[in-house]
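Written below as structure tokens is the structure these notes are about.
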Amino acid sequence: MSASTLPFEVSSTLSRRRFLAASGSAGLVVGFHIPFAGHAVAQAAMPPEINAWVVVRPDDTVIIRIARSEMGQGSLTGLAQLVAEELECNWAKVTTEYPTPGQNLARNRAWGNFSTGGSRGIRESHDYVRKGGATARMMLVQAAADEWKVPASECRAASSVITHTPSGRTVTYGKVAVAAAKVAPPADVALKDPKDWKLVGKRLARLDTVDKVTGKQVYGADLKLPGMLNAAIKDCPVFGGKLKSFNAAAIEKRPGVKKVLRVGDSAVAVVADTWWHAKTALDALPIEWDNGPNAANSSAGVAQMLKAGLDAPDAVVGNQNGDAKAALASAARRIEAVYSYPHQNHATMEPMNATARWTPERCEVWTPTQNGEAALAAASEAAGLPAARCEVYKIHLGGGFGRRGAVHDWVRQAVDIARQMPGVPVKLLWSREEDMLHGRYHPVTQCKLQAGLDAQGNITALHMRISGQSILAGVFPQNVRNGLDPVVFQGLNAPGPEASIGYSFPNLLIDHAMRNPSVPPGFWRGVNLNQNAIYLESFIDEIAAATQQDPLTLRRKLMASHPKHLAVLNAVAERVRWGTAVPDVGGQKVFRGLAQTMGFGSYVAACAEVSVSNDGVLRVHRIVAATDPGYAVNPQQIEAQVEGSFAYGLSAALFGECTQKDGRMEQDNFSTYPVVQMQHMPAVETLIVASGGFWGGVGEPTIAVAAPAVLNAIFAATGQRIRDLPLKNHSLKRA
């Protein structure tokens with residue numbers, strides 16, 4: 001089964017209609033209560049399942065099933081809060097587990113979408129998971145009412161206890177769970193009004209923290225199975241190249257080596273008793289590569305290709321109003337700038353890995369994945385078996401950032417290896433170098449921005465031409481329509497609920513000239529919102545400087561018709577007391593820079609405070625960030641996500657660059673691809689401006705405002721405008 005045959009999409013929302021259709025019933029709640037009958041699940045050994053989302057043990061422990069993946073972002077806890085809120089259970093007795101994608105398919109996708117990316121975990125599943133909790137509560141209450149022979153309307157539930165109000169009788173969830181599992185689910189499910197929430201909106205501790213700090217948590221790289229062997233792999237380092245030959249005899253007698261295998265067209269693996277034996281033997285293996293047609297490719301060549309696209313006629317329009325080209329031609333004054341953004345690696349702390357066991361009858365895979373269904377599709381195809389005879393067991397991720405979502409190349413490799421060693425579980429673990437050289441990289445782009453001004457300095461037109469790589473063309477080409485990749489325009493869309501521009505211009509044109517180099521692209525945390533925010537927010541500052549306007553004043557003028565964008569910007573400006581002097585730090589003058597954007601359903605803004613010494617040493621002292629996600633499920637977790645997003649965004653701004661030479665990446669470890677360290681990290685203040693009425697994501701949106709806020713502050717400090725990243729390539733030393 002190919003990925004395209006599974007019912008998941010790049011950006012998938014599960015509407016009520018689709019949810020009911022997937023459940024195979026005209027009744028809503030059947031989607032929460034489809035038995036595992038006929039499938040290899042040990043129902044007899046399981047505590048009572050109230051519905052697909054809720055299992056209650058006799059001791060009142062509540063198991064909440066979470067379909068989305070946990071990779072440090074806190075979705076596990078946030079989704080559990082949403083279910084528990086409607087379930088009215090005792091939070092102190094809540095635990096979680098993952099359903100498998102095989103179970104999901106067997107139950108007509110009872111758990112909906114498994115994809116975890118684009119900050120969608122909560123914002124696109126909040127409705128149906130809350131209904132799952134509410135349905136289970138109503139079934140538990142009905143079971144108690146039936147036992148007492150009273151109307152359910154006379155009963156109420158709170159903290160896993162059901163009370164018959166007139167008589168005062170009580171019973172716990174654990175005592176009625178078996179009976180509740182047999183109750184017919186209600187036809188109508190009403191959700192709480194947000195004003196009545198008890199758990200949602202509270203700063204609850206994460207459910208996975210204790211296991212992580214005690215070392216109990218097992219990641220994919222830690223997994224051990226009886227009789228398991230270990231594999232190390234090398235793929236052709238040149239993109240598009242192939243494996244020509246290898247001399248297995250040269251290493252076959254090394255300690256622990258079991259087999260040397262060809263994997264696909266372009267890789268070779270060594271299987272041994274330990275990973276270190278496999279890895280050191282692989283390092284000693286004589287390999288000959290066919291470097292293929294891309295062996296001469298370089299970053300310089302890519303830059304020239306993108307530069308040509310800045311003025312090319314073959315551009316696809318993403319957003320426009322009025323006639324920007326005519327307005328620019330007749331403008332009293334024009335301002336122009338060209339920006340660029342490099343390839344970047346996800347650089348997850350845990351390299352790609354999967355453990356696979358294959359027999360002619362069944363294939364099983366244990367792996368960290370952001371999309372269990374996509375991993376199942378990859379395993380099924382590599383195994384040569386139907387999906388119903390395959391299974392994927394999700395494990396907590398040691399980082400995802402988009403790398404473990406759309407493309408599951410490591411799963412295919414693991415299954416390929418296991419298929420050549422039937423019946424033996426084999427764990428494939430990429431080395432750090434393999435992980436760095438065979439990523440799915442943040443797309444490379446350039447952007448030419450042109451603004452037209454009238455005689456009074458007002459903006460009459462804006463044209464943004466983006467030239468560069470399309471993620472969809474490289475990952476899901478079937479989703480490119482008439483040359484349009486909508487992901488390219490994140491943060492630049494027309495006003496709406498997703499990634500819309502926060503400014504109004506009389507004449508606007510934003511278009512894209514697609515130019516795809518040989519470096520494979522992928523969804524890198526924050527995706528195209530990252531560079532688009534840099535391009536637009538830096539250029540707005542350039543216009544402010546050229547017209548001698550305060551950057552905040554200009555933004556407010558352009559944002560008059562965008563109240564939610566403006567609200568987060570105003571919240572930041574108020575917190576930092578924009579317009580007042582910033583106190584010196586260590587004898588250095590401190591300067592401020594602003595940025596705002598909208599992405600992943602949320603509105604964000606930031607102000608960075610930086611100093612630059614005479615020797616050009618940059619220090620980012622403080623970042624104040626405001627987020628409006630509509631509803632704030634767990635404020636503590638939002639703060640943690642915002643802080644982490646600035647660590648990620650500043651790593652990209654300061655150091656993040658992957659360069660290509662002779663068809664391969666030059667950066668192969670953290671020595672050549674550094675990330676921020678403690679001395680680089682500023683104090684981060686998070687403002688949660690939850691206006692209600694919609695559900696936005698957190699974590700990814702604020703990544704996008706990190707770099708432009710810092711770049712604008714650097715300009716305020718030095719007068720130097722940085723238009724291409726990373727900052728490590730620039731000297732800020734004063735002349």
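The values are calculated or read from the model by the stated rules, or taken from the named source; none is laboratory data. These figures come from a predicted structure and were not determined experimentally. So basically every Cβ, Gly included, is an ideal-geometry build from the backbone, and we count neighbours across all protein chains shown. Note: areas computed on protein heavy atoms with side chains; ligands, DNA, RNA excluded. Shrake-Rupley method; radii C 1.70, N 1.55, O 1.52, S 1.80 Å.
In table form, for the structure just shown:
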quantity	calculated
Over 26 Å (Cα to Cα) - which of Lys198/Lys394; Lys192/Lys394; Lys93/Lys131; Lys93/Lys202; Lys202/Lys557 fall in this group	Lys198/Lys394; Lys192/Lys394; Lys202/Lys557
Asp323/Ala92 FRET efficiency (R0 45 Å; Cβ-Cβ; nearest 0.05)	0.10
Descending semi-axes in Å of the chain, equivalent ellipsoid built from Cα gyration tensor	43, 36, 23
Cut-off under 5 Å, modelled amide H: who pairs with Glu700 long-range	none
Residues whose placed amide H lies under 5 Å from that of Leu207, excluding near-sequence neighbours	Thr77
Packing-based ranking, highest mean first, of 423-435, 512-524 given that Cβ atoms within 10 Å are counted	512-524, 423-435
Mean Cβ neighbour count within 10 Å, used as a protection proxy, ranking 600-612, 380-392 highest first	600-612, 380-392
Mean-position separation - Cα centroids, the range 261-291 and the range 143-159, in angstrom	64 Å
Average accessible area per residue (Å²) across the range 440-576 - probe 1.4 Å, nucleic acids and ligands excluded	30 Å²
Apportionment of accessible area to carbon and sulfur, the range 64-132, percent (1.4 Å)	43 percent
Using a Förster distance of 30 Å, the FRET efficiency for Lys149-Asp193 (Cβ separation, nearest 0.05)	0.45
Accessible surface of the range 233-273, 1.4 Å probe, proportion on carbon and sulfur as whole %	44 percent
In nm, spacing of pseudo-spin labels at Val218 and Ala312 (7 Å Cα→C-beta vector)	5.0 nm
Pair Ala303, Arg169: separation of 7 Å Cα→Cβ label points (nm)	8.0 nm
Mean projection area, nm², convex hull over Cα of the range 137-286	17.5 nm²
Alpha-carbon Rg/Rh ratio, for the range 571-645, with Rh computed the Kirkwood way	1.04
Full-extension gain in nm, Ala158 to Arg254, via 0.36 nm per residue minus C-alpha separation	28.2 nm
Sequence ranges 205-212, 128-135, ranked by mean other-Cβ count within 10 angstrom, highest first	128-135, 205-212
Carbon/sulfur fraction of accessible area - the range 416-504, other protein chains in place, 1.4 Å, %	53 percent
Radius 12 Å from Cβ of Pro506, net charge of other residues (Lys, Arg +1; Asp, Glu -1)	-2
Rg/Rh (Cα only; Kirkwood hydrodynamic radius) as it applies to the range 289-409	1.19
Residues Phe670 and His730, FRET efficiency given R0 of 25 Å [Cβ-Cβ distance, rounded to 0.05]	0.70
Per residue accessible area of the range 271-382, 1.4 Å probe, in Å²	42 Å²
Within straight-line cross-link reach of Lys212, aspartates and glutamates at Cα separation under 13 Å, skipping those fewer than 8 residues along the same chain	Glu70, Asp222
Shape metrics for the range 258-297, restricted to C-alpha atoms - Rg then Dmax, Å	12.5, 38
C-alpha center-to-center spacing [the range 181-224, the range 353-404] in angstrom	24 Å
